[in-house]
Amino acid sequence: MHHYIETEQQLDEIISIYRPQPGKADKQLDFIDPHAKAFIARSPLVLLASADPGGRIDVSPRGDPAGFVQVLDDHTILIPDRKGNRRLDAMRNILANPRVGTLFVIPGREDTLRLNGRARLTCDPDSLALCTVDGKAPVLAIEVSVEELYFHCARSLLRGKLWKPEYWPDTSGLATLGAALHDQLKLVDVTADEIDADLDAANRNLY
């Protein structure tokens, strides 16, 4: 016997004790209500999930000062694209498969906001001007039309004690990003310290 769940019937049997109370399973909206708008206005971080035509998933963090994601109307948000690794994974995915999922986070707040919908890329100057930070507008933004929106309960962040520094794990034994990249890419013409120095310089030029 194996212990993998392969059918919906098996899944239903396993999780039957966790069935949501009436009203909780159908809590999603298809528009941005005032509570969601206020949450988005206070969020400095959103996680963006996208997939290519083959179903390969990418999740990338997007951050800026709180309220950086613009609510254009009750059905549309605008996420600026800032300087990053320039892999453009999410952008290429959106061109091929517009379905995306987002998760908005507010530091110190345990519940999160999930917003799923259809995305498209825009370089409209008026839209990009809305995303100006330190006098600089992005060259590209992601416009998402809402199909499903709902608040996610606090239990996962409570279990992980995300906002309680006294429970944060010790990271002193972790390699620096430069050291990890040096080993993973088997680089021989540059040192880990040099990579870290380059990364530090890039991180001081956010916009």
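Results, tabulated for the structure shown:
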item	result
Per-residue ³J(HN,Hα) for segment 79-87, Karplus 6.51 cos²θ - 1.76 cosθ + 1.60, θ = phi - 60°, Hz, x for Gly and Pro	10, x, 9, 9, 4, x, 7, 6, 6
Listed residues ASP189, ASP134, ASP52, most fluctuating in the chain (Gaussian network, C-alpha, under 10 Å)	ASP189
Accessible area of the chain divided out per residue, in Å², using a probe of 1.4 angstrom	68 Å²
Linear extension gain, TRP163 paired with PHE151, 0.36 nm per residue minus alpha-carbon span	2.5 nm
Heavy-atom SASA rank of ILE32, ILE14 (probe 1.4 Å, accessible area, largest first)	ILE14, ILE32
Contour excess over end-to-end distance, with Cα ends at GLN10 and ASP198 and 0.36 nm allotted per residue	62.6 nm
All aspartates and glutamates inside 18 Å of LYS136 as judged from Cα atoms, apart from same-chain residues fewer than 8 positions distant	ASP64, ASP81, ASP124, ASP126
Amide H within-cut-off set for LEU113, under 5 Å, with H built and near neighbours excluded	PHE104, HIS152
Cα-Cα over 28 Å, subset of LYS27/LYS161; LYS83/LYS164; LYS27/LYS83	LYS83/LYS164; LYS27/LYS83
Portion, in percent, of the accessible area of the chain that falls on carbon or sulfur, probe 1.4 Å	55 percent
Under-5 Å amide H pairs with LEU140, H placed in peptide plane, nonlocal only	ASP81
Segment 66-207, relative contact order in percent, only Cα pairs under 8 angstrom and at least six apart counted	22 percent
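The values are calculated or read from the model by the stated rules, or taken from the named source; none is laboratory data. Nothing here was measured: the structure is a model prediction, and the numbers come from that model. To get the accessible areas, we keep the full protein, side chains included, count just its heavy atoms, and leave off ligands, DNA and RNA. Shrake-Rupley method; radii C 1.70, N 1.55, O 1.52, S 1.80 Å.
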